[in-house]
Amino acid sequence: MEKLRAYYHHSKAELSKVIFPIKEQIRNAFISVFVVVTVISLFLALIDAVMSFSLSSLI
């Protein structure tokens, strides 16, 4: 029982050290991820289109 109590105490102490992000930080991170994913997706789509066109012109 003492180990369980110690575990709970240490867990509570560690959670008090956590700094949770505010709404603005979450929004900024979401926008950054969205922009990066969009740019990479467009780049890969462009590469795919170029490769498809070049391979279809060879046949």
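The values are calculated or read from the model by the stated rules, or taken from the named source; none is laboratory data. Worth saying up front: this structure is predicted, and the values here are computed from it rather than measured. As a convention, Cβ positions derive from the backbone with ideal geometry for all residues, glycine included, and neighbour counts pool all protein chains shown. Accessible surface is based on the protein model in full, side chains and every heavy atom, while ligands, DNA and RNA are left aside. Shrake-Rupley method; radii C 1.70, N 1.55, O 1.52, S 1.80 Å.
How much mean residue ellipticity at 222 nm does the chain get from its helices, if each DSSP H run of length 4 or more adds -39500 (n - 2.57) and you divide by all residues, to the nearest 500 deg cm²/dmol? Rounded to the nearest 500, it is -31500 deg cm²/dmol. Of all the options Ala45, Ala29, Ala13, the one that moves most in a Gaussian network model of the chain with Cα springs shorter than 10 angstrom is Ala13. The simple spin-label model puts a point 7 Å past each Cα toward its Cβ; for Asp48 and Glu14 those points are separated by 4.1 nm. From largest to smallest, the equivalent ellipsoid semi-axes obtained for the chain from the alpha-carbon gyration tensor read 52, 18, 5 Å.
Element breakdown for segment 17-59 at a 1.4 angstrom probe: carbon and sulfur atoms account for 78% of the accessible area. The lysines within cross-link reach of Lys3, meaning a Cα-to-Cα straight distance under 26 Å and a gap of 8 or more places when in the same chain, are Lys12, Lys17. The 3J(HN,Hα) values that the Karplus relation (6.51, -1.76, 1.60; θ = phi - 60°) gives for segment 36-44 are, in residue order, 5, 5, 5, 5, 5, 4, 5, 4, 5 Hz. Gly and Pro appear as x.
Take the chain with all the other protein chains still there, run a 1.4 Å probe, and you get 102 Å² of accessible area per residue. In order along segment 50-58, the phi-based Karplus estimate (6.51 cos²θ - 1.76 cosθ + 1.60, θ = phi - 60°) of 3J(HN,Hα) comes to 5, 5, 5, 5, 5, 6, 6, 6, 6 Hz; Gly and Pro are listed as x.
FRET efficiency for the pair Phe34 and Met1, taken as 1/(1 + (r/R0)^6) with r the Cβ-Cβ distance and R0 = 35 Å, rounds to 0.10.
Since only Leu58, Val37, Val18 are under comparison, the one whose Cα sits farthest along the positive direction of the charge dipole of the chain, derived from C-beta charges on Lys, Arg, Asp and Glu, is Val18.
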